[in-house]
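For reference, the structure is listed below as structure tokens.
Please treat every number below as a calculation from the coordinates, not as lab data. Predicted model, so just to flag it, every value in this text is computed and none were measured. Cβ coordinates were reconstructed from backbone atoms using ideal geometry, including for glycine residues, and neighbour counts include every protein chain displayed.
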Amino acid sequence: MGAWRSYRLRLQRKRWRVRALRKSRELTPVSDRTDQLRRSDIFVFCTARNEAIRFPYFLKYYRDMGVNHFFIVDNDSTDGTLAYLAQQPDVSVWSTRGSYKRSRFGMDWINYLLRKYAHGHWALTVDPDEFFLYPFCDTRPLRALTDWLDASSIKSFSAMLLDMYPKGRMDAQPYQVGQNPLEIASWFDSGNYTISRNKRFGNLWIQGGPRARVFFADRPERAPALNKVPLVRWDKRYTYVSSTHMLLPRGLNLVYDEWGGEKASGLLLHTKFLDTFSAKAAEELERKQHYAGSSEYLAYHAVVKDNPDLWCKWSEKYINWRQLEILGLMSKGNWA
Amino acid sequence: MTVGIIMLVHTAFDRAEQVARHWLKAGCPIVIHVDQKVRGKAYERFVINLSDDPLVRFSTRHRCEWGSWGLVAASQDAAELMLAEFEGVRHVYLTSGSCMPLRPVEELIAYLDERPRTDFIESATTADVPWTVGGLDGERFQLFFPFSWRKQRYLFDRFVDIQRALGVRRRLPQGIVPHMGSQWWCLTRQTLSAILSDPDRRAFDRYFRRVWIPDESYFQTLARLYSTNIESRSLTLSKFDFQGKPHIFYDDHLQLLRRSDCFVARKVWPHAGRLYDVFLSDAAAQQNRQEPNPGKIDRIFARAVDRRTRGRTGLYMQSRFPNWGWENGVTAGKYSVFQGFSELFRDFEGWLARTTGTQVHGHLYGPDRAHFAGGQTVLNGALPDNAALRDANPRAFLANLLWNTRGERQCFQYSPHDTPDVIWHIARDPNAQVSVISGAWAVPLFQSNANFADLRAEAARLQKIEHGMLDQLRSPEAKARIRIWTMAEFIETPMEPLQVIIDEIGQRSPQRLAEAPVLQDLKGFGQFLQNLKNQGMHPYLMGDFPVEPEPKAANQSRRRPYLVKK
């Protein structure tokens, strides 16, 4: 990479940081518990809109994993999300009525909070419907992973988005508050992911899964990106570029081995496809606040209203991380 | 007589204290060295808690950084203190704060009592072992290393480069042969005191001060001068990953550690509460020990290193995306590609599946969709048959298919109609067996009922495409098992090549083919080709086809003796 391109990326990184600062004026602290933070804490960062039904299980899942504090931006929810989160002892909440789209899908807000609070901490940036999974997560807490990453001088950890879906119609089993969504959406596609390299940022671009198979079969290039780098030992100079798909400086995107080996990696189990989905898709279509004019939701809506069954004969049923490791969706790398 | 423990501590003081108390309970004196960098309450509490014990001493603090002299200086001072203060100590065991005794301390004492003159220190000459990481094996003794590898990496590397360019070779102190090995040793009082009170110690120290990672070579080298009985192994179980960092033990390693048969393990994660509870409790002594199986722990960590450095063959995923040529095998399993066979034979796919017992697909890269075996629309791994998805990344489609079906050999048909971008990936893949009957694409044209002008255009197009494919298959860089026949050549004796291909697939025990696939009726095919020629379109990929084939050709092949074996 030439000096010129490197300089351009540097400028871009600064631009995102300035933009995050500007967009931070849209944030109003609702419950600021950041005085509790300790030096070794692990954080979760999250943007949400009308996810009150999901948060009880979400918070439990990550608390059990060993996350110490949650930073949540509530984007104008109308279902009591804000009130619920404000009661939680380990959650700091900001509220905003700003445009999700014009804050680059929440990333400006998150970049600002990361910069302000996460410097020197391990920070996990996820959506309320994403559940992080890493090697040995059933026997070792998240701190074991971050300690190991620290010892190995690794600063960022990859976790591909794995879309989970139920068998049968999406609305067949209604999701209850506090329920593990994987009890309903327990199926996934194991081997239809395609990868290409993004030369500019050095990251991999992964597409596939049920969304490509069902919603984007005729326009594969528009299928959503599944590559994510959600777990980063944050430094105030870092910035997410596009969702959590890639970061700057670009060395953080090099979460894959290029010489035949495997680096350790995890997964984000994406439980978007529950009975709540069709209502959500309809609403997002109305708001047009998502990527590329919500074309993704347009595609969903067209299919979802007819026959919302993503299941096929070769779908795999989720058991545990070892199964996903054997299938080659994630890797232990040299962590044993 | 007892064993004295030197403990190097720099973090996790509560765990270090716990382990220290465990040693003390068995009556082992301890000398503790705390890294000079450490400050703060945890450290002060640690010192206060332990300093009232008569068997504990704290040695002079040094600044310890990985790969630097500080660790050796710390061990030297601590060892001197140990030998001076505790008369009864015969063996001195060097440990760290994150080491954990796996077997009751009494067993260790008894073990050492049986071997009063033995020094346990891993010590090998650099020429003979490939342990080192970073390529600095012999050079670590020949160059100067004044810069820190961790903090001054650039200076470290440049200084090595400069010395290499200048041909720097340090003079070794008289009489020593550099050895290296694990830094966790257990030496006898005799050997240790001889090393520490050596009249040449100043010269040795001066030399090793500028060696890289002296804590892995100082005692290892000098012990060779004085020890009468070196057992070159460490009593501490310590496994290293491919970057030279020790593997860390967690709660889920409990069974593994129980069966490891080692006295001490390093390094244990400070939050692995269960390991500390189990191994530091008194109950550990009473537990009837399981059959030791130290090999298992080796295998697990060796596999982890292999996974990190070589990965799983044929897998492309979020954390393994090898550069061109670095795949360790382009695909996950062997497969066969047939071009021209399904055109030339009736129901070739069915015949092939019956004969070989493999999974036989149609045209996987067909222009309309991927024709999976058995007419399926989705295959293993939820791989869809959609042509647009497939052609967005034809190479990944094949890699996925072979990864998803590993363990079952795959066969598929290919033709000039199909997605052309994938042929080069197949050609350079040693897992591929490619068999081509060139020009066979003309048979469906011959049988079709289209206008001759259209046929002529189509034939010209297909011939051009196939010509390009054959060029790629004949490239000197092609690594697949490739066989190419012209159609004329092939129908001369069709069973011989088929027999070779089937034998190579080798699913069933080798035997003569019992059933021959049925050739399409080619009567008039020669004339068809001649007509194309007459129109100015020369079909050359089929080879030389007579306008009127001699009828005996077909009979001849049927009469070959091995075909109808009883």
Here the alpha-carbon Rg of the protein assembly as shown over 2.2 N^0.38 Å rounds to 1.17
The relative contact order of the stretch B:370-471, taking Cα pairs under 8 Å that sit 6 or more residues apart, comes to a percentage of 22
Dividing the helical contributions, -39500 (n - 2.57) per DSSP H run of n ≥ 4, by the residues of the protein assembly as shown yields a 222 nm value, nearest 500 deg cm²/dmol, of -10000 deg cm²/dmol
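Ranked highest first by average number of other Cβ atoms within 10 Å, how do B:29-36, B:112-119 line up?
With the highest mean Cβ count within 10 Å placed first, the list reads B:29-36, B:112-119.
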Rounded to the nearest 10, the angle in degrees between the Cα long axis of helix B:105-114 and the longest principal axis of the Cα atoms of chain B comes to 80
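Per-residue counts of other Cβ atoms within 10 Å, averaged by peptide: what ranking do you get for B:169-181, B:214-226, highest first?
Peptide ranking by packing, descending: B:214-226, B:169-181.
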For chain B, longest principal axis from Cα atoms; helix B:452-473 axis from its Cα atoms; angle between them, nearest 10 degrees, is 30
Yeah, chain A with a ≥ b ≥ c from its alpha-carbon gyration tensor (a/c under 1.5 is rounded, else prolate when a/b outruns b/c, oblate otherwise) is rounded
Reduced to Cα centres, the span from the stretch B:6-40 to the stretch A:46-107 in Å works out to 44
Once the in-chain neighbours fewer than 8 apart are removed, the lysines whose Cα is under 26 Å from residue A:313 read A:167, A:272, A:305, B:334
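Averaging over every viewing direction, what projected area does the convex hull of the Cα atoms of chain B cover, in nm²? Provide the component values of the computation, followed by the final result.
Numbers: hull surface 152.1 nm².
Taking the Cα atoms of chain B, their convex hull projects to 38.0 nm² on average.
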Once Lys and Arg are counted +1 and Asp and Glu -1 for all other residues with Cβ under 13 Å from that of residue B:391, the total becomes -2
Most packed first (mean Cβ within 10 Å per residue), the peptides B:73-79, B:375-381, B:385-391, A:23-29 order as B:73-79, B:385-391, B:375-381, A:23-29
Listed by chain and number, the aspartates and glutamates with an alpha carbon less than 17 angstrom from that of residue A:288, same-chain partners under 8 positions apart left out, are A:76, A:296
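Hey, got the average number of other protein chain Cβ atoms within 10 angstrom for residues in B:238-248? Could the numbers behind the result be given before it?
Details: counts 0, 1, 0, 6, 2, 4, 0, 5, 1, 4, 8.
Other-chain Cβ atoms within 10 Å of each residue's Cβ, averaged: 3.
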To the nearest 10 degrees, the tilt of helix B:41-51 (Cα long axis) against the first principal axis of the alpha carbons of chain B is 50
Among A:173, B:475, B:111, the residue whose Cα sits farthest towards the positive end of the charge dipole of the protein assembly as shown (+1 at Cβ of Lys and Arg, -1 at Cβ of Asp and Glu, taken about the Cα centre) is B:475
Partner lysines whose C-alpha sits under 17 Å from that of residue A:155, ignoring same-chain residues fewer than 8 away, are A:228, A:236, A:263, A:332, B:151, B:245
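Across peptide B:302-311, what mean number of C-beta atoms from other chains lies inside 10 Å of a residue's C-beta?
Per residue, the number of nearby Cβ atoms from other chains is 6 on average.
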Simple spin-label estimate for residue B:535/residue B:177, 7 Å along Cα→Cβ, in nm, reads 8.4
Residues other than residue A:143 with Cβ under 14 Å of its Cβ, Lys/Arg counted +1 and Asp/Glu -1, net out at 0
Mean other chain Cβ within 10 Å across A:317-330 is 2
Per its Cα gyration tensor (rounded if a/c is under 1.5, else prolate when a/b beats b/c, else oblate), the stretch B:432-523 is best filed as oblate
